[in-house]
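Presented below is the structure to which this report refers.
The values are calculated or read from the model by the stated rules, or taken from the named source; none is laboratory data. Please read these numbers as outputs of a predicted model, since none were measured by experiment. A quick note on method: Cβ atoms are made from the backbone with ideal geometry, for glycine too, and the neighbour counts reach across all protein chains shown.
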Amino acid sequence: MSAAFGFRLLASDGRARRGEVVTPRGVVRTPAFMPVGTGGTVKALYMDQVRGTGADIILGNTYHLMLRPGAERVARLGGLHAFANWPHPILTDSGGFQVMSLAQLRKIDESGVTFRSHIDGTVHALTPERAVEIQGLLGSDIQMQLDECLRLPAPQAEQRRAMELSLRWAERCKTAFGVQPGRALFGIVQGGEDAALREASARALAALDLKGYAVGGLAVGEPQAVMLAMLDVVCPALPHDKPRYLMGVGTPDDIVKAVGRGIDMFDCVMPTRAGRHGLAYTRRGKVNLKNARHADDPRPLDEESACPAARDYSRAYLHHLVRSGEALGAMLLSWNNVAYYQALMQDLRAAIEAGRYAARAEAIAEGWRRGDLPAL
């Protein structure tokens with residue numbers, strides 16, 4: 001296995017790309033979906049289950065891990081790979097989004113952000129340099145710059161201010177990161193819903209010659225049409241030979257449409273969060289196992305799935321687990337959902353290789369439109 005970090009483009013179909021992110025801990029096949037392991041765990045799943053679904057890489061969260069159990073402690077225990085028993089690639093985000101959405105009494109200025117922990121109210125400072133230091137202590141393979149992520153809609157002047165601040169922070173992160181063989185620092189495109197700001201951000205980050213680029217601030221409540229319009233502007237402005245990561249996205253439909261616009265990597269809490277709330281993702285669309293229509297249904301969620309959770313347990317049983325509040329219900333449905341997302345990514349990779357992406361995307365969408373099996 002190569003000791004260097006790299007990206008190779010293997011095929012394209014229109015703007016959709018099939019590639020590989022190469023790290024010393026393994027190859028990430030793209031388009032890729034990264035299950036979210038917020039605090040060192042993909043919720044309700046064992047790591048070998050996550051790997052068994054086809055995941056090449058998981059995401060860890062700087063904000064959560066710095067608060068508990070602490071980055072220095074993780075480093076003493078051998079780094080996040082050993083700590084979580086995941087010897088494969090890990091991407092860590094910078095914590096900027098969580099500071100925006102979870103932290104109390106946050107204050108942002110040129111130096112960084114100061115905030116109170118949502119866990120115990122203790123005060124913490126997160127600067128670009130500290131964000132890189134924490135991710136280095138965790139030992140992740142792909143690290144993200146610290147950025148300011150605004151909730152949309154926001155005034156245009158605020159979108160510009162946050163974008164320009166994020167660019168200055170990207171430069172500081174690059175300096176702090178230095179040279180780390182086998183690891184990569186990604187920049188984050190910001191600019192809200194303003195196309196000119198997004199393009200300016202993308203071009204300025206590209207000039208920094210980072211190993212990869214993310215698009216942030218597009219999973220914060222804006223309509224899908226806004227997200228797609230921003231991708232139409234950003235992707236052509238990013239280097240063709242570097243991976244592109246759309247942060248925090250999203251639904252299967254979001255992913256299919258974003259891959260068609262040139263995105264290579266995704267992450268989202270949606271599969272596991274939905275599983276914990278009784279919702280299953282399938283090739284026939286979403287299935288709510290809380291509904292009484294499933295109480296006497298002996299059929300599985302999907303008889304053709306390779307995942308045992310979808311194939312080997314009846315809807316009646318899954319309904320019972322969910323309605324009873326049994327932990328196994330959350331475990332099985334989270335397993336099903338992560339497996340569905342990974343199967344979708346494999347489907348998209350194969351379609352790009354075959355030069356049939358548009359047709360396959362439409363066939364997938366038609367399966368969702370047809371909907372679930374009729375009730376017995």
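Summary table
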read-out	value
Hits in segment 307-338 (condition: out of contact with any helix residue (DSSP H, G or I) (no Cβ under 7 Å at 6 or more places or on another chain) and hydrophobic (A, V, I, L, M, F, W, C))	ALA327, MET331
Residue among ILE90, ILE119, ILE134 that alone is of a type in the set (Val, Ile, Thr), touching a residue at least 12 places away in the same chain (Cβ under 8 Å) and out of contact with any Ser or Thr (no Cβ under 7 Å at 6 or more places or on another chain)	ILE119
Top-ranked residue in segment 169-218 [being assigned to a loop (DSSP other than H, G, I, E, B), hydrophobic (A, V, I, L, M, F, W, C) and in contact with a Leu (Cβ under 8 Å, 6 or more places away or on another chain); ranked as nearest to VAL113 (Cα to Cα)]	LEU218
Meets criteria (of a type outside the set (Phe, Trp, Tyr) and in contact (Cβ under 8 Å) with a residue 24 or more places away in the chain) for ASP56	yes
Tabulated pairs, segment 285-305, first under 11 Å from LEU318 (Cβ atoms) and modelled with pLDDT of 95 or more, second surrounded by 14 or more Cβ atoms within 10 Å (Cβ to Cβ) and charged (D, E, K, R), C-beta under 6 angstrom, 6+ apart or interchain	VAL287/ASP372; HIS294/ARG315; ASP297/ARG315; ARG299/ARG315; PRO300/ARG311
Candidate set from segment 47-72 (those that are under 15 Å from the mean Cα position of the chain (by Cα) and of a type in the set (A, V, I, L, M, F, W, C)); member that is farthest from ASP147 (Cα to Cα)	VAL50
Single condition VAL36 does not satisfy, out of (1) farther than 25 Å from VAL322 by Cβ; (2) touching a Leu at 6+ places or on another chain (Cβ under 6 Å)	(1)
Helices (runs of 4 or more DSSP H) completely within segment 71-139 that count 3 or more residues being modelled with pLDDT of 95 or more and under 19 Å from THR41 (Cα atoms)	71-76, 80-84, 128-138
Options ALA358, ALA309, ALA330, ALA351: the member that is buried (at least 19 other Cβ atoms within 10 Å of the Cβ), outside the structural domain of GLY54 (by TED's automatic domain parsing), under 26 Å from LEU9 (Cβ atoms) and touching a residue at least 12 places away in the same chain (Cβ under 8 Å)	ALA351
Residue that is farthest from the chain's Cα centre (by Cα), among those in segment 227-258 that are of a type in the set (Val, Ile, Thr) and closer than 13 Å to VAL215 by Cα	VAL233
Pick from segment 271-303, criterion outside any loop (DSSP other than H, G, I, E, B) and among the small types (Gly, Ala, Ser), ranking: surrounded by the fewest Cβ atoms within 10 Å (Cβ to Cβ)	ALA292
Residue that is in contact with a strand residue (DSSP E or B) (Cβ under 7 Å, 6 or more places away or on another chain), modelled with pLDDT of 95 or more, of a type outside the set (Val, Ile, Thr) and not assigned by TED's automatic domain parsing to the domain that holds ALA359, where the choices are ARG68, ARG17	ARG17
